[in-house]
Every structure is written in C-alpha cells, then in structure tokens.
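Notes follow once the structure below has been shown.
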Amino acid sequence: MAEKRQYLRIRLDNMDFLLPWTSGFAIEKREDLEINPEGGFIAAWRVTSAGHEPAYSLDAELNPGLRDDWQRAVFLQGEGRNFGLVAEELQLLSREEVRIEPFRPLGPAPISTGHLFSGAWVSGTRPPMLVIEPGILSGWLRAIEAQA
C-alpha cells in the first residue's frame with residue numbers, strides 16, 4: 001500500500017491522471033497477473049484468496065480500449081470489489097509536490113453517482129492532470145461491463 005500522503009500518477013493511453021491517496025491502492029507487475037488471452041476491456045486478472053479481480057484497459061477518455069503496451073496495473077478498492085487499471089506508467093507523488101484545484105466538470109455526470117473527476121493539478125507547461133474519483137470510476141466500469 002502507498003503512504004497516505006501521496007498521489008499516484010497513472011498514464012493511460014498517453015494521458016496522465018491522478019489517484020488520491022485516500023483511495024488506497026496496490027501496484028502489481030504485469031508478470032504477476034493472469035493475462036486475459038482474449039484481450040479487450042479486461043486485460044488481466046489478479047488472483048487472490050477471495051477470487052479474481054479484473055484489471056481494465058482504458059483509453060485516454062476512460063473508455064474501453066484495447067492496449068498491449070502496459071507494464072503494471074494499479075488495484076483500487078471499489079464499491080463491493082477491488083478492481084485494477086492497466087497502465088503504461090505509474091509514479092508516486094508526495095502531497096507537497098502536487099497542488100490540486102477542486103472543480104466540477106461541466107454537463108451531466110456520466111453515471112447517477114456523480115462525476116469521474118473532482119479536481120485537477122495544473123503545473124507549469126505540463127498539461128493538467130485530472131483527479132479520478134475511484135468510487136465513481138468503479139460504478140462507471142461496472143456500467144460499461146454490464147453493457148458488454
């Protein structure tokens with residue numbers, strides 16, 4: 001588990017996002033996961049004593065995206081089950097390095113429980129990094145999975 005005063009920068013399809021320290025997460029190497037031979041939305045599974053936890057493959061817009069360029073997966077505590085996201089790159093950042101500005105995205109939320117993002121880190125010439133709300137993301141992924 002990560003130290004409680006950190007953010008995790010996660011790169012999905014060449015786009016960086018942040019996960020807040022409050023979500024709790026575990027990082028797994030690709031070789032330690034059971035790869036889904038069919039590929040697609042669920043890229044791999046983490047096998048635990050409680051069962052299999054999916055590691056989803058998402059594009060830069062957080063939609064299902066078939067990618068094979070990932071090396072690690074980050075597993076988060078979701079509503080009722082843990083889930084993972086496969087990532088091209090992961091980096092722990094201390095809260096001292098990151099200054100999050102809260103905001104509410106325009107338009108309706110993608111699911112009934114709310115918006116996927118709660119803030120952004122804007123720093124110098126680097127593109128803004130949106131802060132993902134893990135609980136909302138868990139519901140978003142379940143909704144996508146139900147439609148498949």
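The values are calculated or read from the model by the stated rules, or taken from the named source; none is laboratory data. These numbers were taken from a predicted model, which means no experiment stands behind them. The protein model used for the area step is the full one, side chains on, heavy atoms only, and it has no ligands, DNA or RNA in it. Shrake-Rupley method; radii C 1.70, N 1.55, O 1.52, S 1.80 Å.
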For the chain, the longest principal axis of the Cα atoms and the Cα long axis of helix 134-147 enclose an angle in degrees, to the nearest 10, of 40
Rounded to whole Å², per residue accessible area for the chain with a 1.4 Å probe reads 54
Here region 114-124 yields Karplus 3J(HN,Hα) values (6.51, -1.76, 1.60; θ = phi - 60°; whole Hz; Gly and Pro given as x) of x, 7, 6, 10, 10, x, 8, 10, 10, 9, x
The Cα extents of the chain along the principal axes, largest first and rounded to whole Å, are 41, 32, 27
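Under the Kirkwood approximation applied to all pairs of distinct alpha-carbon atoms, what is the hydrodynamic radius of region 40-92 in Å?
After inverting the pairwise mean of 1/r, the radius is 11.4 Å.
Nearest 5 percent is fine: what portion of the DSSP beta bridges confined to the chain is antiparallel? Numbers along the way, then the final one.
Details: 40 of 44 bridges.
Among the beta bridges of the chain, antiparallel pairing accounts for roughly 90 percent.
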Length-normalised contact order of the chain, Cα under 8 Å, at least 6 apart, in percent, tallies to 23
